[in-house]
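In what follows, a structure is listed as structure tokens, so that the remarks can point back to it.
The values are calculated or read from the model by the stated rules, or taken from the named source; none is laboratory data. Computed from a predicted structure; not experimentally measured. Note that we place each Cβ from the backbone using ideal geometry, even for glycine, and neighbour counts take in every protein chain shown. Ligands, DNA and RNA are excluded from the accessible area calculation, which covers all protein heavy atoms including side chains. Shrake-Rupley method; radii C 1.70, N 1.55, O 1.52, S 1.80 Å.
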Amino acid sequence: MTAADPDPQSRNLPLDSHLHTDQSPDSAVPIDVYAAQALERGIAELAITDHVDFDPEDPAFEYTTFADRERVVRRAAERWGPLGVTIRFGVELTYNTAWEADVREHLARHAYDFVIGSVHDWPGSPYRRSSLGSWVADRPLAEIVGPYYAEVTAAARSGLFDTIGHLDVVKRYLHPYVTAAHLAARPDLLEPVLRAVVDSGVALEVNSSGLRHPSRETYPAAPTVERFHELGGRRVTAGSDAHRPDWFAYRLAAAYDIIEAAGFTGLAFRRGGGGVEVPLPERDRA
């Protein structure tokens, strides 16, 4: 919270589609805390998207059961729906080509309202903090981002997800050795990834959590969202990726602004059946 931004948690928006509760290992937020904030802030609809990982070394591997997560979310939806807050049962699945078959099998057995597919810092990846500095040294940028972008491309092409989460969050892992400015100077490196997302028809998430990270820009940044639209991308989502109460809807309005400025008129979403479009709201930006 700053003098320029006295209340960074946004208000009066139709949807925050990326939230983590105490059903994720990296969050301790009860679902009712988000619901109460949504009611107070005028965020009409939430997707609870707790982590599910598929590598035993990852913290969300078998952290909770599908049945437990669904029960928590569905009961909260029953409590808060009459008060004006709609809650959907989503998930954020960590994707890697090494366990794509496991992801596919999981989704064949379990039905979610909304599914985010994200690439994270996987076990054995070159982006681990303990060795990152020496690994990055003297490598060309294309080689540095290559492993991450290859996994994101495969995630898009898999056809498994409603949206690809935080497309270029690798810039968070690479800081301070590679900065957002370094990556912004080489948009050509991200171009094949964007084309894969466009060709697949999967939605692109504009994740506002980067605005509280060192990059101080969304994942992905505005120029990438604009380029996605230029290439023919027509489906976008927006989420705060909250893991704490004070991160709920954090600068989510900025993500909405980026989406609108790029030429989109609504958000792609799913409520357990076919896809729907959530219209962007008319908002006073004065």
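Some values worked out for this structure:
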item: Flag for Tyr256 being of a type outside the set (Gly, Ala, Ser) and touching a His at 6+ places or on another chain (Cβ under 9 Å); result: no
item: Residue within region 97-118 that is open to solvent by 50 Å² or more (accessible area, probe 1.4 Å), closer than 22 Å to Thr163 by Cβ and in contact with a strand residue (DSSP E or B) (Cβ under 7 Å, 6 or more places away or on another chain) present; result: no
item: Test: Ala47 is of a type in the set (A, V, I, L, M) and at pLDDT below 95; result: no
item: Any hit, region 63-72, residues being open to solvent by less than 60 Å² (accessible area, probe 1.4 Å), hydrophobic (A, V, I, L, M, F, W, C) and within 22 Å of Glu205 (Cα to Cα); result: no
item: Residue satisfying all of: in region 5-59; in contact with a helix residue (DSSP H, G or I) (Cβ under 9 Å, 6 or more places away or on another chain), assigned to a loop (DSSP other than H, G, I, E, B) and β-branched (Val, Ile, Thr); farthest from Thr97 (Cα to Cα) among these; result: Val29
item: Residues of region 126-174 satisfying the condition of being open to solvent by less than 20 Å² (accessible area, probe 1.4 Å) and free of Cβ contacts under 8 Å to residues at least 40 places away in the same chain; result: Ile144, Tyr148
item: Within region 119-169, tally of residues that are assigned to a helix (DSSP H, G or I) and farther than 25 Å from Leu204 by Cα; result: 8
